Amino acid sequence: MPKPQGFCLDISGVLHEGGEAVTGARAALSRVREAGVPCRFLTNTSRKPSRAVLDELRKLGFEVNEKEVLTAPAAVARYVKARKLKAWLLVHPDIEEEFEPASFSDADAVVVCDAGERFDYRRLDQAFALLMEGAPLLTVGMNRYFKASDGLHLDAGPFIRALEYAAGVDATIIGKPGEAMFQEACDSMGLAPGDCLMIGDDVEADIGGARKAGLQAALVKTGKYQESDGARAAELGAGVFDDITAVVSHWLNVQ
């Protein structure tokens, strides 16, 4: 494969874990910056608004500007606004500010993100009712779980699958592994997907999604990585590295 001319990076699990920067991640990103290579930071995180994601990166010592951060909830909000949809939200309260929510009676679309404790029967049943009336199901992604400081936790994917099964619909995925978010990142750098490298810790959302969108990909053994993911990454044509430092060191040595 050609040497990547741009980087797309997942955030949680690649740059930081449990509120702390991954060892060597700041230095690795600085090496990329010094080489003059553009970067975009892609996250399906849906318990924090875009501004909070940016603030967190800066507090951890990463030099990142606003245009470089692409969050899945913000991408969903742009999708909804562009199509003049009225969205009923099944999302975490902290990201409601990204949207212009509609009441249940007025809604003509359903947006599902990681809603945490809001994933209760009443709200899931309301989402089901709207879907049965023909509302599209719009989602940030199909992540099965995420890693926090106290271990792995259910993400939005299992609940989205339940709604798809119950209503007999297919969700439109706006975040990873959907192709739109990867394409937006590449376009914003002025690069073709094949000239960009995605670095992630989720073999399906990050690596599978990137490969389907035409990007090169590297799976790191930090964050939510599981030993069984290595074989899957190989099937997808992606490299497997110990961490972001190893990815960047390999990239710098590619002629």
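The values are calculated or read from the model by the stated rules, or taken from the named source; none is laboratory data. Quantities reported herein were computed from a predicted structural model and do not represent experimental measurements. Here Cβ is always computed from backbone atoms with ideal geometry, including for glycine, and neighbour counts include all displayed protein chains. Heavy atoms of the whole protein, side chains included, go into the accessibility calculation; ligands, DNA and RNA do not. Shrake-Rupley method; radii C 1.70, N 1.55, O 1.52, S 1.80 Å.
Calculated accessible area for the chain comes out at 46 Å² per residue, all protein chains present (probe 1.4 Å; ligands, DNA, RNA ignored). For the stretch 21-97, the gyration tensor built on C-alpha atoms gives a prolate shape. Its axis ratio a/c (a ≥ b ≥ c) is at least 1.5, and a/b is the larger of a/b and b/c.
Between beta-carbons, use under 11 Å as the cut-off and find the net charge around P73, counting Lys and Arg +1, Asp and Glu -1.
Counting the neighbours of P73, the net charge comes to -2.
Temperature 10 °C, viscosity 1.306 mPa s: under these conditions the Stokes-Einstein estimate for the stretch 1-138, based on its Kirkwood radius over C-alpha pairs, is 95 µm² per second. Annotation: the antiparallel percentage among DSSP beta bridges lying fully within the stretch 6-108 is about 20. Once neighbouring chains are kept in place and the probe is 1.4 Å, which whole percent of the accessible area of the chain is contributed by carbon and sulfur? Looking at the chain in its full context, I get 48 percent from C and S.
Partner lysines whose Cα lies under 25 Å from the Cα of K221, excluding those fewer than 8 positions away in the same chain, are identified as K3, K48, K59, K147, K176, K212. For the stretch 74-183, the gyration tensor built on C-alpha atoms gives a rounded shape. Its axis ratio a/c (a ≥ b ≥ c) stays under 1.5.
Going by a ≥ b ≥ c, the root eigenvalues of the Cα gyration tensor, does the stretch 135-255 fall in the rounded group (a/c under 1.5), the prolate group (a/b larger than b/c) or the oblate group?
Values: a/c = 2.37, a/b = 1.40, b/c = 1.69.
Note, shape of the stretch 135-255 comes out oblate.
Per-residue ellipticity at 222 nm from helix content only, as computed over the chain with -39500 (n - 2.57) for each DSSP H run of at least four residues, stands at -9500 deg cm²/dmol. Near H16, the amide H atoms lying under 5 Å from its own belong to V22; only residues 5 or more places off or on other chains count, and H is placed 1.01 Å from N.
Below 10 angstrom from the Cβ of L137, what's the summed charge of the other residues (Lys, Arg +1; Asp, Glu -1)? Each step should come with its number before you reach the end.
On the way: positive: none; negative: E164, D170.
Surrounding charge for L137 is -2.
Computed from backbone phi with θ = phi - 60° and the Karplus coefficients 6.51, -1.76 and 1.60, the 3J(HN,Hα) list for the stretch 47-60 is 10, 9, x, 4, 4, 6, 4, 5, 4, 4, 4, 5, 5, 7 Hz; x is used for glycine and proline. Other residues within the sphere of radius under 14 Å centred on the Cβ of V248, judged by their own Cβ, net out at +1 (K and R +1, D and E -1).
GNM, the chain, Cα, under 10 Å: largest mean-square fluctuation among D242, D206, D150? Result: D150 has the largest fluctuation of those listed. Among L57, L15, L197, the largest mean-square fluctuation in a Gaussian network model of the chain, built with springs joining Cα atoms closer than 10 Å, belongs to L57.
Histogrammed with a bin width of 5 Å, the alpha carbon distances of the stretch 150-211 distribute as 4, 15, 21, 21, 15, 12, 9, 3, 0 percent, first bin at zero. Taking amide H positions as modeled 1.01 Å from N, with prolines and chain starts lacking one, the residues under 5 Å from F41 and 5 or more places away or on another chain are L9, V69, L70.
Here the Karplus curve 6.51 cos²θ - 1.76 cosθ + 1.60, taken at θ = phi - 60°, turns the phi angles of the stretch 74-87 into couplings of 5, 5, 5, 4, 5, 4, 4, 5, 5, 9, 6, 8, 10, 9 Hz, with x standing for Gly and Pro. Each principal axis of the Cα cloud of the stretch 185-255 was taken in turn, and the coordinate range along them, longest first, works out to 35, 26, 19 Å.
When only C-alpha pairs under 8 Å and at least 6 residues apart count, what is the relative contact order of the stretch 177-255, in percent? Please list the in-between numbers first.
Working: 114 pairs, mean separation 20.2, N = 79.
So the answer I get is 26 percent.
Can you spot the lysines whose alpha carbon is less than 16 Å from K67's alpha carbon? Ignore those fewer than 8 places along the same chain. Output for K67: empty list, no partners.
Of M181, M132, M142, the residue with the greatest mean-square motion in the GNM of the chain, using alpha carbon springs below 10 Å, is M132. The modelled label-to-label distance between R118 and K3, using points 7 Å beyond Cα along the C-beta direction, is 4.6 nm.
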